[in-house]
Amino acid sequence: MIRGHFDGASVRPPITPTAVSEPPADEVPEIECPLTGEQMPINDIDALAMSYSRITDHINRVDATRQRIRQVFAMQAAEQTTKTRRVLGRDAVVKLTMPDDSWDNGILKEAWNDFPDQRDRILRIERIAVQKREYAKVKDATGDDAMTALLGMVSDARRESTALPSVTIERLPPKPSDDREPATDPEVAEALELCDLVISMIDDLPTAGVEFGESVGDRVRGIAETIDHTGVVTANQRNALDNMRAGIERWLDRRR
């Protein structure tokens, strides 16, 4: 969630850290980390990078489990032969749409060239692509009328990408030392103690709650790291810790 006024067209990525302007604090939009509840000003690159890395790790762990479940569903439906298949539980109904087969384009290209009289019946040209390196060499060059017309059409066919860039965090701020000095702020000290308590409770969860516990552990450790780094506890962080403790207690109550 982004808080505050934000005009995306007016924001440009900084070339160097000194290029970042520092508007008044009450005018800087913030993004809330969904794992820790931390409110991060959009000009705090360190906090954003740490949050991005933490969220990426969490997503990767979650996605690995999701992929495993998909594999199990596929195995359950392996004897079915239709493109659309279903796996039934006691109450659940899971619909599977099987992926299309792929084709070796090298072999198809050879078949296209070898059988010009028969190819149109079963083969087609899927798409035409630009040879980007060659196009970059000649796109601004002058030539005969035909080449000029071709370059003009290729240029008109270009659609600028609106996708977001891929992101790789190459370096993060140093993590706080495990041998941290005791917090002097009572609220911070209490919150860090609560983090330690929740993590210790996770070890007592039953087998059915292990996955839930791992997710909670990721969030709690992220919150503890952020609190230790900033020396501040937000209301969202405290509420999140209280809710996670209550969730674990409900799991533990089932065992009693």
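Worth a mention:
- Listed by first and then second residue, the pairs with beta-carbon distance under 8 Å, at least 6 apart or on different chains, first residue in the stretch 90-116 and of a type in the set (Gly, Ala, Ser), second part of a helix (DSSP H, G or I), are ALA111/ARG119.
- Against the list (1) among the hydrophobic types (A, V, I, L, M, F, W, C); (2) in contact with a His (Cβ under 8 Å, 6 or more places away or on another chain); (3) farther than 23 Å from GLU214 by Cα, the condition LEU35 fails is (3).
- Helices (runs of 4 or more DSSP H) contained in the stretch 109-226 and holding at least 3 residues surrounded by fewer than 10 Cβ atoms within 10 Å (Cβ to Cβ): 132-138, 145-157
- Odd one out for MET50, checked against (1) at pLDDT 90 or above; (2) surrounded by 10 or more Cβ atoms within 10 Å (Cβ to Cβ): (1)
- Among the residues making up the stretch 168-193, those that are modelled with pLDDT of 70 or more and of a type in the set (A, V, I, L, M, F, W, C) are ILE169, LEU172, VAL188, ALA189, ALA191, LEU192.
- In the stretch 138-151, the residues that are closer than 20 Å to ILE128 by Cβ reach residues that are among the charged types (D, E, K, R) and surrounded by 11 or more Cβ atoms within 10 Å (Cβ to Cβ) with C-beta atoms within less than 9 angstrom, at least six apart or across chains, in these pairs: LEU151/LYS139.
- Residues in the stretch 102-150 that are of a type in the set (D, E, K, R) and under 22 Å from GLU160 (Cα atoms): GLU126, ARG127, LYS132, ARG133, GLU134, LYS137, LYS139, ASP140.
The values are calculated or read from the model by the stated rules, or taken from the named source; none is laboratory data. Keep in mind the model is a prediction, meaning the values are calculated, not measured. No Cβ is skipped: glycine too gets one built from the backbone with ideal geometry, and neighbour counts run over all protein chains shown.
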